[in-house]
Amino acid sequence: MARSRLEATGAASSDEGRMSPAPARGVVLAHGGLAEGLVAAVRQIAGVTDDALVGVSHGGEDRQELCERAVSELRGRRNLLFTDLPSGGCHLAALIVTRERPEVPVITGVNLPMLLDFVFNRRLDFDELVPRLAVKGQVAIAGNRPRPQLL
């Protein structure tokens with residue numbers, strides 16, 4: 001059976017007749033077991049698969065190897081790289097990857113609310129999706145301290 005033009009271009013039609021982008025794939029680069037932990041939590045909560053989100057943990061390998069592992073997880077035409085720390089080894093590796101793949105946005109400071117919003121909105125254009133994810137991640141950060149009990 002022949003693929004439709006929409007399938008061949010990686011786009012889908014929306015209810016309004018406009019073309020919407022194919023769903024993006026997220027690659028989380030983080031230190032230790034953080035990448036796999038975040039991805040496992042998203043999968044448990046949202047029920048998504050490897051096609052939506054994968055983790056690449058930095059376990060002390062050199063930067064070139066980390067870059068190669070990240071590149072090996074980029075699939076299709078729409079990918080985002082999420083990193084844990086600005087200026088950390090994962091973030092620097094992501095920036096190196098994007099020298100060759102400038103169409104891939106990098107979002108730093110990854111957290112669970114950001115990734116959940118990503119998997120539910122990964123068909124949005126990157127011009128809308130990337131700022132949205134940054135805001136979702138920031139809004140989810142809050143601090144509380146207990147109030148003293150009044151007698």
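The values are calculated or read from the model by the stated rules, or taken from the named source; none is laboratory data. Because the structure is a prediction, the values reported are computed rather than measured. Positions of Cβ are generated from backbone atoms using ideal geometry, with glycine treated the same way; all protein chains shown enter the neighbour counts.
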Review point. Regarding Gly60, is this residue closer than 24 Å to Gln138 by Cβ and either of a type outside the set (Asp, Glu) or in a loop (DSSP other than H, G, I, E, B) (or both)?
Key: no
Revision key, fill the gap. Residue count, the stretch 2-38, condition at pLDDT below 50 and on the phi < 0 side of the Ramachandran plot, comes to 13
Review point. If the Cβ limit is 7 Å and pairs must be 6+ apart or interchain, which residue in the stretch 36-53 that is under 21 Å from Arg78 (Cα atoms) pairs with which residue that is of a type in the set (D, E, K, R)?
Key: Asp51/Arg25; Ala52/Arg25; Ala52/Arg122
**Study point:** Test for Arg25: is it among the basic types (Lys, Arg) and either farther than 21 Å from Gly137 by Cβ or surrounded by fewer than 18 Cβ atoms within 10 Å (Cβ to Cβ) (or both)
**Key:** no
Check your understanding: Is the stretch 82-102 home to any residue that is assigned to a strand (DSSP E or B), buried (at least 17 other Cβ atoms within 10 Å of the Cβ) and under 14 Å from the mean Cα position of the chain (by Cα)?
Key -> yes
Exercise for review: Filter the stretch 36-75 for residues that are under 11 Å from Gly26 (Cα atoms) and crowded, with 17+ Cβ neighbours inside 10 Å and give the result.
Suggested key: Val39, Ala52, Leu53, Val54, Gly55, Val56, Ala70, Glu73, Leu74
Practice item. Kindly list, by first and then second residue, each pair from a residue in the stretch 125-151 that is among the acidic types (Asp, Glu) to a residue that is surrounded by 12 or more Cβ atoms within 10 Å (Cβ to Cβ) and in a loop (DSSP other than H, G, I, E, B), limited to pairs with Cβ atoms under 7 Å and residues at least 6 apart or on different chains. Key: Asp125/Pro21
